[in-house]
Amino acid sequence: MKAKDVVRAAAEALRLTDARDFCDGKNTAQSGGEAKGEAEAKRLLEFFNATETDVAASAVPLIKDESVSAAGKIDIAALSENFVRALRFTDKNGCRAAFSEEAGYVRTNASAGVLRYAYLPAAKTMDDESDFKNGVPMKVFLNGVLAKYYFDKQLFEEAAVYEKEYKAAVAVAHRIASGGKMRARRWSCLLYTSPSPRDYAAS
């Protein structure tokens, strides 16, 4: 799943045709829509990045195993991802080693090994892949983007609907990631029965 996939789906749901066309690479310059479409798409991308970070922070941790040279302590700033907390350190012999977190460092007596840690995703461009390779369906991110879009527009009733759907789906994702189970029918309902913005226009 690319960030663009979520952005385009949001643009389609919101009937932001210029943003949708921008995602599709269509030239809408004649109608003056190209600049507008790019601006709208980039705003939706910001909402996607915020949603991806929220999912990682509150529901489904992103985990990285990274080879490091410890030399007594590991510089968190030198790690390849946005460090949140250390989960495990394995020395070069494959044995677990003790560690402790300090300001800016993970301290250990081992000289080298593999640090397992939770991290937050970096901001994505349109063509970047999500850090969530599987296990969290695109609809979760779509609901998050739509909720943030409506909050941004101060359309609070619509925002509340999508926020409720988003939080319900995130709770399910957390439960599954934590080793719990959810009936397939219930999971499907949470992911695919969100109301369309068109429903509001008809009401």
Open to solvent by 50 Å² or more (accessible area, probe 1.4 Å), among the basic types (Lys, Arg) and at pLDDT below 90: does that describe residue 133? yes
Under the condition of being polar (S, T, N, Q) and surrounded by 11 or more Cβ atoms within 10 Å (Cβ to Cβ), which residue from the range 74-99 is farthest from the chain's Cα centre (by Cα)? 90
In the range 154-179, residue nearest to residue 59 (Cα to Cα) [restricted to those that are open to solvent by 30 Å² or more (accessible area, probe 1.4 Å) and touching a residue at least 60 places away in the same chain (Cβ under 8 Å)]: 174
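If you take the residues of the range 136-153 that are open to solvent by 60 Å² or more (accessible area, probe 1.4 Å) and hydrophobic (A, V, I, L, M, F, W, C), which of them is modelled with the highest pLDDT?
Taking the candidates together, the pick is 151.
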Has the range 64-84 got at least one residue that is without any contact (Cβ under 8 Å) to a residue 40 or more places away in the chain, farther than 26 Å from residue 165 by Cα, among the aromatic types (Phe, Trp, Tyr) and part of a strand (DSSP E or B)? yes
I need the full set of residues from the range 111-123 which are open to solvent by less than 20 Å² (accessible area, probe 1.4 Å) and assigned to a loop (DSSP other than H, G, I, E, B), in order please. 121
Can you run down the residue pairs with Cβ atoms below 8 Å, 6 or more apart or on separate chains, where the first is in the range 100-111 and closer than 16 Å to residue 90 by Cβ and free of Cβ contacts under 8 Å to residues at least 24 places away in the same chain and the partner is open to solvent by less than 90 Å² (accessible area, probe 1.4 Å) and not charged (D, E, K, R)? 100/106; 100/108
Say whether the condition of being outside any helix (DSSP H, G or I), in contact with a helix residue (DSSP H, G or I) (Cβ under 7 Å, 6 or more places away or on another chain) and hydroxyl-bearing (Ser, Thr, Tyr) is met by at least one residue in the range 86-103. no
Hey, residue 107 hits all of (1) more than 23 Å from residue 38 (Cβ to Cβ); (2) open to solvent by 40 Å² or more (accessible area, probe 1.4 Å); (3) under 16 Å from the mean Cα position of the chain (by Cα) but one; which does it fall short on? (3)
Among the residues listed as 19, 13, the single one being in a helix (DSSP H, G or I), at pLDDT 90 or above, in contact with a Ser or Thr (Cβ under 7 Å, 6 or more places away or on another chain) and buried (at least 19 other Cβ atoms within 10 Å of the Cβ): 13
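The values are calculated or read from the model by the stated rules, or taken from the named source; none is laboratory data. Small disclaimer: the values here were computed from a predicted structure and weren't measured. Because the Cβ atoms are built from the backbone with ideal geometry, glycine has one as well, and the counts that use them run over all protein chains shown. What goes into the accessible areas is simple: the full protein's heavy atoms, side chains included, and nothing from ligands, DNA or RNA. Shrake-Rupley method; radii C 1.70, N 1.55, O 1.52, S 1.80 Å.
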